[in-house]
Amino acid sequence: MDVLFVEDNEMNRRVVKDMLGVAGVRVDEAPEAMTGLRMIDEGDYDLILMDLRMPGMDGLTAIRHIRARPDDKARLPVIVVTADTSLTIREDCLAAGADDVVLKPVSMNLLFDAMGRTMTARDGDGPILE
């Protein structure tokens, strides 16, 4: 499985990359949304993990850009990874086109659960992560 993690905090990227690496997931990193959008143009990803609060373009705007694409990449699964605990954050993310939300600090079990749910819902073939 190939994942793109769009996150401005290097430590957060490293922690999640290490977690996913345990399961054999390959993770590319983008330090901000515009770089992430370019990497989506150039790469072939199974899933996007997206932070919300980044310099320049925020994660919700980036998700809207992904969903507005004219190609199949518009349907890429996107899971928001955020420290935002506002009462409406989940609804705001889903309204922007996200598939799920995982709160920071990231728990490996919760992240894998969200990834499994998202991939199962997207392709109907059962969970990719076990």
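Couple of notes before you dig in:
- Which numbered condition Pro70 misses (of (1) assigned to a loop (DSSP other than H, G, I, E, B); (2) out of contact with any Leu (no Cβ under 9 Å at 6 or more places or on another chain); (3) touching a residue at least 24 places away in the same chain (Cβ under 8 Å)): (3)
- Some residue of the range 35-43 being surrounded by 14 or more Cβ atoms within 10 Å (Cβ to Cβ), under 14 Å from the mean Cα position of the chain (by Cα) and over 14 Å from Val6 (Cβ atoms): no
- Strands (runs of 3 or more DSSP E) lying entirely in the range 1-62 (those with 2 or more residues that are at negative phi, at pLDDT 95 or above and not hydrophobic (A, V, I, L, M, F, W, C)): 26-30
- Filter result for the condition that a residue is among the acidic types (Asp, Glu), out of contact with any Leu (no Cβ under 7 Å at 6 or more places or on another chain), free of Cβ contacts under 8 Å to residues at least 60 places away in the same chain and within 20 Å of Glu10 (Cα to Cα), over Asp44, Asp51: Asp51
- So Ile128, is it of a type outside the set (Lys, Arg) and modelled with pLDDT of 95 or more: no
- Residue in the range 96-108 that is crowded, with 17+ Cβ neighbours inside 10 Å, in a loop (DSSP other than H, G, I, E, B) and free of Cβ contacts under 8 Å to residues at least 24 places away in the same chain present: yes
The values are calculated or read from the model by the stated rules, or taken from the named source; none is laboratory data. The model shown is predicted, which means the values in this text are computed figures rather than measured ones. A quick note on method: Cβ atoms are made from the backbone with ideal geometry, for glycine too, and the neighbour counts reach across all protein chains shown.
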